[in-house]
Ligand SMILES: [Zn+2]
Ligand SMILES: [Zn+2]
C-alpha cells in the first residue's frame, strides 16, 4: 500500500514536472506545429486547426483570458489558426519584424503554404518583435536560420524553440525562403550559452536543455 502511494506520488510529480504549471501543451494533431499555453495567458504558436486549439484551450482557461499569441516564425503550420483564435479570444498576434511581411501579404511560398496545398491567409500582426523584447516573463531571442525572423522565447529556465531546435538536437531545415545554415549555427551557439532546463519545440516532444549543445555538435 505504502509503495503504491509512493509510486502514485512519484508519477504525479513527474507529470507535473514534465510540463510545469506554467506551460500546457495543447493537443493539436499530427500535421500542425505544436501549440503551448504559457502562464495561462500567452499562446506560443497557433497551429493549423482553430476549433481543435480552442477546445484544447478551454481545458485550461476561458477564451477571453488568452491575451497574446506569439508566433515563433512565419510558417503556415504554426500560424494558420491564429486569426480565428484571435477572433474568438481577442488575443493580440505578435511576430518578429523580419518574418511579419510574409504573413501580412499571405506569401504562399515564404509561409510554406504550398507544401500543404493551401492558400496562406493574410494576417496583420498587432505587434512586431525584436531581439530582447520582453513579454511577461518571456524574453525574445532572435534566432535566424530556419527563417529570417525565427525567435526562441526564454523565461530563465525553459525555452520555446519553434523550428530552430527539436528534441535530441535535431534542427530545422534551412533550405526554404529566409533559411541560412550559417545563421542557424550562430543562433544555436547563442542558445547553447543559456542555462536551459527544458526545450519546448515547434514539433515533436519536449526535451532536455541538453538538446541545444547536441544541436551545436551536430551542425559542426
Ligand atoms: Zn514547423
Ligand atoms: Zn518552420
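The values are calculated or read from the model by the stated rules, or taken from the named source; none is laboratory data. Everything numeric here is computed off the predicted structure, so don't read it as measured data. As a convention, Cβ positions derive from the backbone with ideal geometry for all residues, glycine included, and neighbour counts pool all protein chains shown.
When residue 121 is tested against (1) touching a helix residue (DSSP H, G or I) at 6+ places or on another chain (Cβ under 9 Å); (2) within 16 Å of ligand 2 (Cβ to nearest atom); (3) assigned to a loop (DSSP other than H, G, I, E, B), only condition (2) is not met.
Residue-by-condition table, conditions (1) touching a strand residue (DSSP E or B) at 6+ places or on another chain (Cβ under 9 Å); (2) modelled with pLDDT of 95 or more; (3) closer than 22 Å to residue 153 by Cα:
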| residue | (1), (2), (3) |
| --- | --- |
| 93 | yes, yes, yes |
| 99 | yes, yes, yes |
| 108 | no, yes, no |
| 116 | no, no, no |
| 121 | no, yes, no |
| 125 | yes, yes, yes |
| 128 | yes, yes, yes |
| 131 | yes, yes, yes |
| 134 | yes, yes, yes |
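Of all the criteria given as (1) closer than 23 Å to residue 37 by Cβ; (2) free of Cβ contacts under 8 Å to residues at least 60 places away in the same chain; (3) away from ligand 2 (no atom under 16 Å from the Cβ), the one not satisfied by residue 136 is (2). Might you check whether a residue that is free of Cβ contacts under 8 Å to residues at least 12 places away in the same chain and outside any loop (DSSP other than H, G, I, E, B) occurs anywhere in the stretch 56-75? Scanning the stretch 56-75 turns up at least one residue that is free of Cβ contacts under 8 Å to residues at least 12 places away in the same chain and outside any loop (DSSP other than H, G, I, E, B). Looking at the stretch 187-199, which of its residues are more than 15 Å from ligand 2 (Cβ to nearest atom) and either part of a helix (DSSP H, G or I) or in contact (Cβ under 8 Å) with a residue 12 or more places away in the chain (or both)? The answer is 188, 189, 190, 191, 192, 194, 195, 196, 197, 198, 199. When residue 21 is tested against (1) out of contact with any helix residue (DSSP H, G or I) (no Cβ under 6 Å at 6 or more places or on another chain); (2) within 23 Å of residue 147 (Cα to Cα); (3) away from ligand 2 (no atom under 14 Å from the Cβ), exactly one condition is not met: (2). When the residues of the stretch 139-160 are filtered to those that are in contact with a strand residue (DSSP E or B) (Cβ under 6 Å, 6 or more places away or on another chain) and away from ligand 2 (no atom under 16 Å from the Cβ), the one that is farthest from residue 92 (Cα to Cα) is 158.
Residue 141 meets all of the listed conditions (1) within 15 Å of ligand 1 (Cβ to nearest atom); (2) touching a helix residue (DSSP H, G or I) at 6+ places or on another chain (Cβ under 8 Å) but one, namely (1). For the stretch 23-69, filtered to residues that are closer than 23 Å to residue 166 by Cα and exposed (fewer than 15 other Cβ atoms within 10 Å of the Cβ), the residue that is modelled with the lowest pLDDT is 30.
All of (1) under 29 Å from residue 27 (Cβ atoms); (2) loosely packed, with under 14 Cβ neighbours inside 10 Å hold for residue 191 with one exception: (2). Of everything in the stretch 168-182, what is over 10 Å from residue 202 (Cα atoms) and surrounded by 15 or more Cβ atoms within 10 Å (Cβ to Cβ)? Give them in sequence order. Hits for the stretch 168-182 are 169, 170, 171, 174, 176, 178, 179, 180.
What tally of residues in the stretch 149-181 results from selecting those that are more than 15 Å from ligand 1 (Cβ to nearest atom), under 24 Å from residue 125 (Cβ atoms) and free of Cβ contacts under 8 Å to residues at least 60 places away in the same chain? Counting residues in the stretch 149-181 that are more than 15 Å from ligand 1 (Cβ to nearest atom), under 24 Å from residue 125 (Cβ atoms) and free of Cβ contacts under 8 Å to residues at least 60 places away in the same chain gives 3. Here residue 177 clears all of (1) within 22 Å of residue 92 (Cα to Cα); (2) within 13 Å of ligand 2 (Cβ to nearest atom) except the condition numbered (1). Filter the stretch 107-118 for residues that are in a helix (DSSP H, G or I) and either without any contact (Cβ under 8 Å) to a residue 40 or more places away in the chain or buried (at least 21 other Cβ atoms within 10 Å of the Cβ) (or both); which is nearest to ligand 2 (Cβ to nearest atom)? Taking the candidates together, the pick is 115. Would you tally the residues in the stretch 86-106 being within 16 Å of ligand 1 (Cβ to nearest atom) and part of a loop (DSSP other than H, G, I, E, B)? Selection size over the stretch 86-106: 1.
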